[in-house]
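Contents: one structure, followed by commentary.
The values are calculated or read from the model by the stated rules, or taken from the named source; none is laboratory data. Because the structure is a prediction, the values reported are computed rather than measured. Cβ atoms come from the backbone with ideal geometry, glycine included; neighbour counts cover every protein chain shown.
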């Protein structure tokens, strides 16, 4: 009997310890499972981060593809442009994408067009003095515009080719004295630079003086200038994000794509262009009148310096 007790007692001790360890393992497993579930719940409850574009609009006005009460394109100038996101008229054409941290410029063919063009735009126009169009800059004074942007979407024509968009410009402007000298009724001068998104690539068009011996007065007329052959960068940007920089100095213009590909203009045409004042433009100047056409351009950053 004593021998039986001697063997049974250790057996029950071992059995007790084994059951207790098993219970602790199960409890630990259940606890770990509950912790994982709680973490998953917390992840689900975590809100998406809101991103706001880092673009200072205090020296820009915008022209939108909708008419005002006078039948002219609707514009928002500083300081009102700083509140564009709450402007109900602007919202369909210029708005914030808080998931990407961008300002979106949305354009389509409408009856709202500026003078001397048949195309509509959702486009910024530089104002060196906020609210004032008559203070601009010359090539001698120089300037730099740099933007990070992407084309989100764009319609196609009847042949299945994407419509073109002008995403940046340098526009010439006559001073009041120049305007009066040649008998014009507005201050409009040709654009020296047009940067296109063209079927996923970046294309540049500039102006050339038809007669390099033209007088200063003759050069002020729009018909004194023609278009160059244009230039295509090698890189294809497609619908991806990319950077563009336009750098101006006396008699020289440099355009850089993604800080890796450059086009330099340094010639007599650039030197002669020094007679004009200029301003930068950026956004979505949509180049079609096709029905139901549209384009959306995202700007992540946009900076100008002089």
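Some points to look at:
- Every residue from the stretch 59-81 that is free of Cβ contacts under 8 Å to residues at least 24 places away in the same chain, closer than 20 Å to residue 304 by Cα and assigned to a strand (DSSP E or B): 76
- From the list 240, 259, the lone residue that is surrounded by fewer than 20 Cβ atoms within 10 Å (Cβ to Cβ) and closer than 27 Å to residue 120 by Cβ is 240.
- Test: residue 187 is surrounded by fewer than 16 Cβ atoms within 10 Å (Cβ to Cβ) and either touching a residue at least 40 places away in the same chain (Cβ under 8 Å) or not assigned by TED's automatic domain parsing to the domain that holds residue 118 (or both): no
- So residue 270, is it modelled with pLDDT of 95 or more, touching a helix residue (DSSP H, G or I) at 6+ places or on another chain (Cβ under 6 Å) and either in a strand (DSSP E or B) or buried (at least 17 other Cβ atoms within 10 Å of the Cβ) (or both): no
- Options 203, 179: the member that is assigned by TED's automatic domain parsing to the domain that holds residue 289, assigned to a helix (DSSP H, G or I) and either buried (at least 16 other Cβ atoms within 10 Å of the Cβ) or under 18 Å from the mean Cα position of the chain (by Cα) (or both): 179
- Picking from residues in the stretch 134-162 that are outside any strand (DSSP E or B) and more than 24 Å from residue 252 (Cβ to Cβ), the one that is nearest to the chain's Cα centre (by Cα) is 155.
- Among the residues of this structure, residue 84 counts as one that is assigned to a helix (DSSP H, G or I), in contact (Cβ under 8 Å) with a residue 12 or more places away in the chain and surrounded by 14 or more Cβ atoms within 10 Å (Cβ to Cβ).
- Residue check for residue 246: closer than 21 Å to residue 154 by Cα and in the same structural domain as residue 168 (by TED's automatic domain parsing): no
- Among the conditions (1) under 19 Å from residue 285 (Cβ atoms); (2) assigned to a loop (DSSP other than H, G, I, E, B), the only one that residue 244 does not satisfy is (2).
- The residues on offer are 211, 232, 188, and the sole one that is out of contact with any strand residue (DSSP E or B) (no Cβ under 6 Å at 6 or more places or on another chain) and under 25 Å from residue 283 (Cα atoms) is 188.
- Residues satisfying the stated conditions in the stretch 213-232, i.e. out of contact with any helix residue (DSSP H, G or I) (no Cβ under 8 Å at 6 or more places or on another chain) and assigned to a helix (DSSP H, G or I): 222, 223
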